[in-house]
Structure formats: structure tokens, C-alpha cells
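Reading through the C-alpha cells given below for one structure.
Bear in mind that the values in this text are calculations on the coordinates, not laboratory data. All values derive from a computational prediction rather than experimental measurement. A quick note on method: Cβ atoms are made from the backbone with ideal geometry, for glycine too, and the neighbour counts reach across all protein chains shown.
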Amino acid sequence: MELERKSLPCIDGSESNFLYLERNKASTLGEAGNPSMTHEEDGMDSINVQMRQRVPSIEKIHDPISFHALLLHERHRTDRTGNPFSLVTFSLDGISPASSRKTAIYKHIVKTLRNTDEIGWMRDERIGLLLPDTGQESANIFARRAFAREKAPEFKLSTYPDHWIGDYPEEEKGGEEGASDPCFVDAFSIDVPAWKRGIDIVGAFLGLIILSPVFLATMLWIRAVSPGPVLFTQNRVGLGGKLFTFIKFRTMKHHNDTGAHQDHIINCIRDGKALAKLDDSDPRIIPGGRLLRKTCVDELPQLFNVLRGDMSLVGPRPCVVYEAREYKKWHSRRFDALPGMTGLWQVSGKNKLSIDQMIRLDISYASNMSLLRDLSIIARTIPAIVVMVLEPWMKRLPARSAALRRRVKIDFAFNEEGGTAAKS
């Protein structure tokens, strides 16, 4: 086989170069000529052994960056084709480095792999086995064979997309419960850079101090016009699909029915419509609530979410659970990044954009995250809010101008008629 240099995108948008074995048609198809040969079908026959005659040493397997790029590449392929892949992770840390048993176990596992499989280091210093086009049943058969030796290390088996962002139960719980697999959270989620976390902490503290009069005035207003708590909490989907408690000022009547909003969001997603709000015709909104929502003042308590690390100042909008249930598989890529109070979607049209447009912006942001981009989005947020507040009045101006012009013409015509009658 020949070695071919391949370049795949890394998590930070750069490229990682690595070498991988070109798939030789004869060895991939095997003697039976079956390109979709699974672990269940190929078993432990001689074809697999021939494929892995040269077992790479642990030091020469894919490094974490290269293996991460392979995982992302396989994930994109699955999102497009629907064919699942599996990931088996294990650790040899409990075995002495100088132990011959460690080498024997490692060689046995690697020889079990097909030529289309890959092996490399995970970011948590565990070893990962990537099994393309392999569902959970076939992956279980492989794992039982690969780790059948006495005192073999414990392993974790995950299948994408079955074990990634699944169907959330009707009764969701926040905190540690979630629908995502920890292995894929580690493989797909984007680490929060130190500069980003620093900006979040400093910005949230400054925001709470500077905006404290706004907090106080809003709390007093809500308390005066509507019975019930000042703050509204809700489960939202965050980093890696994990649920967290989302905080905002309450702008709707206490114990209101969310059925209308849920139906609206689901219909918008299924029909590909813009995610427009129902504020103008929503009877649940309290007096002054529309202004709080229009100016985004109701979102200010999320600064506490930022301090807790559940959110960032900049990132994808955290969605509600019933919205996540409607997502396509590739939509779940927005959960790779920490959700934010503002983001590329908010300053690029917001409720005028469809769900697909919003998620493409979120993925673009996550793939090209940088300090300058975050600062640019923060700087564009206030002007975007001002435009959103003034937009209804700006739309009415042409209509009012036309009505005024019509009125002037009528008055002018009436005056002309009156003047003609006076002369006669």
C-alpha cells in the first residue's frame, strides 16, 4: 500500500496533516469483494490478520489532533449518508509501561481492526478505535473479540449518531443528566479558550455592576405589574447536549401555557420558516414585557449563567428542549460550542433567518472562533438591538408618509374648491 498525505480541518479551523494508509481496493474488498464488510461479517478470519500485519507502536498511532480531525471527518460523512460509525475507547494506564502484557494486549486489539478502521489518541489520553460504517451491534461483536483476552482493559463503546444528541424525554431534568455520550462530548465539543473564559468573567462582573440600576428597576417593575417570581428559569440545551438551568427576567404571566410557543417553533423548523417571535399577538406577555424583550433587558440575568460557566458572552443561542427534538442530525453540531448571550445569528438578522441559516452561522462561528471575532460581535450587538427596537417604527414611516401625503392632497383640493366657490 502507498502512503498518502491527507489534510483535514481541526477544531480551531486550521488544518492538521497526517499520514494514513491508502485503502487498497483488494485488501478493502477482501476475497469476497464486499465493500461494506462489517465486523460481524468479516469476523477473525485471515483477511483481517493480513490487513494488520504491521502493527504500529503506541508512539506511532494518530496524535490527538489528527485523530480528532478523523472523528470530525467521519461525523460529517455520517450526517450526510446516515451510515453510523462507532468509537471504542480504552486505557492502558493501569499496566506497567515495561510490561510485555501491555504490548501483547495492544497488538491483539490492533490486529482485530479492519483496514478501514483507525486508531489514535483521544484528548483525555485514552486510546480510541474508530470503526466507520459500523453500527452498535457489529461494534459489540468487535469489542467482545478485541477485548476477550484475560485481564484486558475496560473499554467504552459509543455509536454515532445513536449515542450523541438523542431524543430528550418529555420530563427533562437539568444538571448532570443529558442525552449526550461523554465520549462524543470529548471528541466533538470545543474547549473554551483561556482568553474567552477571561473575557466572560470580566465582562459578566462589569455587566452586573454597571447594569445594577437596570436590574433593580426591572425587578421592581415586574413585581408591581405581575404576581409571581421576578426571574424565569428553564432547561436549555448547552455544551455537548447537556441540559442547564437558564435564567432570565420573567416577561410572561406566571404558570402560562407554553403549548402555543412550542407549536410555533416546531412548525417554523419543519417548514423552514424564519424563527419569528409571537410577541405582537401573545396575550401571555405582562405589561411592559414587550419592551423588555425587544431591548433584550430580559436576557441580562444570563450574566449569572456566564459566571457559572454554563454560557459565554458570545456563542450559539441556547435552545429549548422541544426545539432540539426537531433538529436534523447535522444541526446538533451547534452544541459543540458553549452557548452565548449574543452571537453571529443575533447580529446577522436574528428572527428573520431560518433554522438552517441560524445553525450554519453557529457552526461557522464555532469553526472560526477568535478574540477579534468575539469583540466584533459584542460591539455589533448594541447597534443590532437598536435597529430591532426602531424597526417597527421605521416600517410605519412610509405608510404614515403616504397617508400624510394623501391628506395634504385632499386638503389642498378642498381648499381649491372652496376658493373657486367664493370667487363665483
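For the pairs K242/K352; K248/K277; K248/K273; K107/K156, note any where the Cα-Cα span goes beyond 21 Å.
Values: K242/K352 28 Å; K248/K277 16 Å; K248/K273 26 Å; K107/K156 19 Å.
Beyond 21 Å: K242/K352; K248/K273.
At 0.890 mPa s and 25 °C, plugging the Kirkwood radius over alpha-carbon pairs of segment 189-383 into Stokes-Einstein gives what diffusion coefficient in µm²/s? Intermediate values should be presented prior to the final figure.
Details: Rh = 17.3 Å.
So the translational diffusion coefficient is about 141 µm²/s.
Please work out the Cα center distance from segment 188-236 to segment 320-350, rounded to the nearest Å.
19
Evaluate the charge dipole of segment 189-383 about its Cα centre and quote only its size in Debye, nearest 20, assuming +1 on the Cβ of each Lys and Arg and -1 on the Cβ of each Asp and Glu. Intermediate values should be presented prior to the final figure.
Numbers: 27 positive and 17 negative charges, 17 e Å.
Using only the charged Cβ atoms, the result is roughly 80 debye.
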